[in-house]
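Enquirer: The structure follows.
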Protein chains: 2
Amino acid sequence: MATAATASAPACVGNVGVGFDVLGHTLEGPGDRVCVRRVAGRTIRVEAIRGVVGELPRDADNTAVAALTSLRDALGLDHGFALEIDKGIPLGSGLAGSAASAVAAVIAADALLGTQLPPAVLFAHALAGERVASGGANGDNIGPSLLGGLVLAAEGHLLRVPVPAAWRCVVARPHLALLTRDARAVLTAPFALSDVVAQCGRLALLLAGCACGDVALVRSALRDVLIEPRRAPLVPGFAAVKAAALESGALGASLSGAGPSVFAWYEGAADAARGAEAMQAAFAGAGLPSDLRVSPINGPAAAVIALD
Amino acid sequence: MATAATASAPACVGNVGVGFDVLGHTLEGPGDRVCVRRVAGRTIRVEAIRGVVGELPRDADNTAVAALTSLRDALGLDHGFALEIDKGIPLGSGLAGSAASAVAAVIAADALLGTQLPPAVLFAHALAGERVASGGANGDNIGPSLLGGLVLAAEGHLLRVPVPAAWRCVVARPHLALLTRDARAVLTAPFALSDVVAQCGRLALLLAGCACGDVALVRSALRDVLIEPRRAPLVPGFAAVKAAALESGALGASLSGAGPSVFAWYEGAADAARGAEAMQAAFAGAGLPSDLRVSPINGPAAAVIALD
């Protein structure tokens, strides 16, 4: 019987502009790692938090703890877990760090226990973790993290959407933290029907454009009129960064998750490299240092990386 | 040179519940026919209106006249058209009669002139016709009528969505007319974010479910929380008719277009036949006689039927 399991889960671009709360895709590069061990008693305790974030809750408000509590209770386990969390995703970056810790925890626990739970069950437990972090329970980060690539998560279904392998995503992360709860507060005003119709149609077009590899469809579709206008004022330099992305050939650009990171999609790696420089320069122009990622839109899935 | 052309255009289920203003599909059975002839001068005049509707406007408020005016002006024609309109689609039924007359008119004129205009151009002219009828310019009826089958019409793009050939749509049309303008008036109150998210996700799932032939996805998706609750009170018996459809195995049911017709989707012809009877009985229970159509969801496209 295994005594410890470690899993990694990738960063994600949530919402993807027009897929608020239902669409996301993963990113290559640093993610979160969680190591899980059995402990006597039903306690779930965090023994270490390392990496880019030191100040995370260690109690029930920790997303990994909440996810494992859900798993333990559903399986009726008579033992608990000890966790070590290595954060590769900065807090409040809009890159789905809270989801990644929750997903890595359930993937690791599933391997440790040998339960081979189906994705829909792992999804439900990870979502219980996400709920304590964001105040909502949306699957646009958990779904992609579990399946990899671009995933629609709606009505309990997870659908992986095909995307051309060459397509790239650039993410520019300014050194500025936004809390998802704060970014949700600006969304309380009611929405106009015309904006709702535009958003629904664009989400559908975006998925069709990805599945068919049709850049004209994606360019028409990847324009968020519903959420981005309300959140953009929270991110200094957003308009300039988006403009820089589009001028460098992006298919579209918007906030990643609740922000402040900005993502842009490109047809290929050369465009993406130029776009990344332009986006970083635009953030610098607004007085914000930033770091960059360039990844296939078809990013990796969470995975078990050690089982001892 | 041809002297007269006649085209037919099918009835449509607009909105399809969760695709408000962007999704529709055509129906087998009676549609509208328009015969177009050249006349000297630039006038566009209606010479006859026959069929199930006698009381249509004959001036610029006629959708076929408005569509041909748009076509004539765009092509810079030095002549006009005389029209004869055979209505197979009752006015105010929610089966897209106004769109059908506009589409049949532009298809017939295109054949008469030999211009072979691409669908996107025919779409724009037919939409000019739709605009005078509904007060809006949405393509969820024009798009399907032009291409046939289930069509997403958004941001100027028309995408035909594959649907299993066996799937059927039942439409129960109560003998009661609703004006689209009146049905739009109930949509002015603002929309909650949670309903918007549900609707966007369900539209995306519905299209995926159709493309993959996955009935579980369609059952999850074909539930409109945004528009139907506001319009249903305008249609006596709606709740009972929808319940009858679902009890008879429908994948989902909602208002066709702005109503009062109610549509339901079924996996096959036998289910659909049982559902049709149940839906008609439910309307009768609410004191409304109704008539029925059963059609493949992959219904026909508009077509030229005579060129002399």
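Any read-out appearing in this document is the output of simple, stated calculations on the displayed coordinates, not a laboratory observation. Keep in mind it's a predicted model, so treat the numbers as computed, not measured. Note that each Cβ is placed from the backbone with ideal geometry, even for glycine, and that neighbours are counted across all protein chains shown.
Enquirer: In nm, one decimal, shortest first: how far is the label point of residue A:188 (7 Å from Cα along Cα to beta carbon) from the matching points in the other copies?
Expert: Copy-to-copy label distances at residue A:188, shortest first: 2.6 nm.
Enquirer: Which chain B residue sits with its beta carbon nearest the axis carrying B onto A, and how many Å away is it, rounded to a whole number?
Expert: Smallest Cβ distance to the axis, with its residue: B:190, 1.
Enquirer: To the nearest 20 debye, what charge dipole does chain B have about its Cα centre, counting +1 at the Cβ of each Lys and Arg and -1 at the Cβ of each Asp and Glu? Intermediate values should be presented prior to the final figure.
Expert: On the way: 23 positive and 26 negative charges, 29 e Å.
That gives a dipole near 140 debye.
Enquirer: Something else about it: Where the centroid of each part is defined by its Cα atoms, how far is the stretch A:231-259 from the stretch B:239-308 in Å?
Expert: The distance from the Cα centre of the stretch A:231-259 to that of the stretch B:239-308 comes to 45 Å.
Enquirer: Place a +1 charge on the Cβ of each Lys and Arg in the stretch A:98-232 and a -1 charge on the Cβ of each Asp and Glu, then give the dipole magnitude about the Cα centre in debye, rounded to the nearest 20. If you can, show how the numbers build up before the last one.
Expert: Working: 11 positive and 9 negative charges, 62 e Å.
Roughly 300 debye for the stretch A:98-232.
Enquirer: Alpha carbon centre of the stretch B:143-217 versus the stretch B:81-111: separation in Å?
Expert: If you average the Cα positions of each part, the centres end up 21 Å apart.
Enquirer: Also, I was wondering about something else. Below 8 Å, C-alpha to C-alpha, sequence gap of six or more: please give me the relative contact order for the stretch B:159-303 in percent. Write out the running numbers ahead of the final one.
Expert: Working: 250 pairs, mean separation 56.1, N = 145.
It rounds to 39 percent for the stretch B:159-303.
Enquirer: How many Cβ atoms of partner chains, on average, are near each residue of A:149-156 if near means within 10 Å of its Cβ?
Expert: Values: counts 0, 0, 0, 5, 2, 13, 9, 1.
Mean partner-chain Cβ count within 10 Å for A:149-156: 4.
Enquirer: Shifting gears a bit: Using the Cα atoms of the stretch A:189-277 to build a convex hull, what is its mean projected area in square nanometres? Working shown, then result.
Expert: Details: hull surface 24.1 nm².
About 6.0 nm², averaged over all directions.
Enquirer: To continue, here is another question. For residue A:57, which inter-copy label distances result when the label point lies 7 Å beyond Cα on the Cα-to-Cβ vector, reported in nm to one decimal and in ascending order?
Expert: So the label point of residue A:57 gives 6.0 nm to the other copies.
Enquirer: If each label sits 7 angstrom from Cα along the C-beta direction, how far apart, in nm, is residue B:305 from its counterparts in the other copies?
Expert: Result for residue B:305, in nm, nearest copy first: 6.7.
Enquirer: Sticking with this one: Share of antiparallel DSSP beta bridges in the stretch A:28-186, in percent to the nearest 5? All intermediate terms of the calculation are to be shown ahead of the outcome.
Expert: Working: 12 of 19 bridges.
Bridges in the stretch A:28-186 that DSSP calls antiparallel: roughly 65 percent.
Enquirer: Same structure, new question: By the scheme Lys and Arg +1, Asp and Glu -1, what is the net charge of all other residues having a beta-carbon under 15 Å from that of residue B:151?
Expert: On the way: positive: B:160; negative: B:21, B:130, B:140, B:155.
Combined, the nearby Lys, Arg, Asp and Glu give -3.
Enquirer: Let a ≥ b ≥ c be the square roots of the eigenvalues of the Cα gyration tensor of the stretch B:32-185; is it rounded (a/c under 1.5), or, if not, prolate (a/b larger than b/c) or oblate? Let's see the in-between values first.
Expert: Working: a/c = 1.75, a/b = 1.26, b/c = 1.39.
Oblate.
Enquirer: Can you give the relative contact order of the stretch A:82-139 as a percent, counting alpha carbon pairs under 8 Å and 6+ residues apart? All intermediate terms of the calculation are to be shown ahead of the outcome.
Expert: Values: 39 pairs, mean separation 16.3, N = 58.
That works out to 28 percent.
Enquirer: Using the Cβ atoms and a cut-off under 13 Å, what net charge is assigned to the surroundings of residue A:104, where Lys and Arg are +1 and Asp and Glu are -1?
Expert: Values: positive: A:33, A:87; negative: A:32, A:84, A:86, A:110, A:130.
Here the count lands on -3.
Enquirer: While we're looking at this one, here's another question. If you count the DSSP beta bridges with both ends in the protein assembly as shown, what percent of them are antiparallel, to the nearest 5?
Expert: Working: 91 of 105 bridges.
The answer is about 85 percent antiparallel.
Enquirer: Please give me the summed charge of the neighbours of residue B:33: other residues whose Cβ is under 11 Å from its Cβ, Lys and Arg +1, Asp and Glu -1.
Expert: Numbers: positive: B:50, B:87; negative: B:32, B:84, B:86.
Its environment carries a net charge of -1.
Enquirer: If I take every Cα pair under 8 Å that is 6 or more residues apart in chain B, average their sequence separation and divide by the length, what percent do I get for the relative contact order? All intermediate terms of the calculation are to be shown ahead of the outcome.
Expert: Values: 799 pairs, mean separation 81.9, N = 308.
Over chain B, the number comes to 27 percent.
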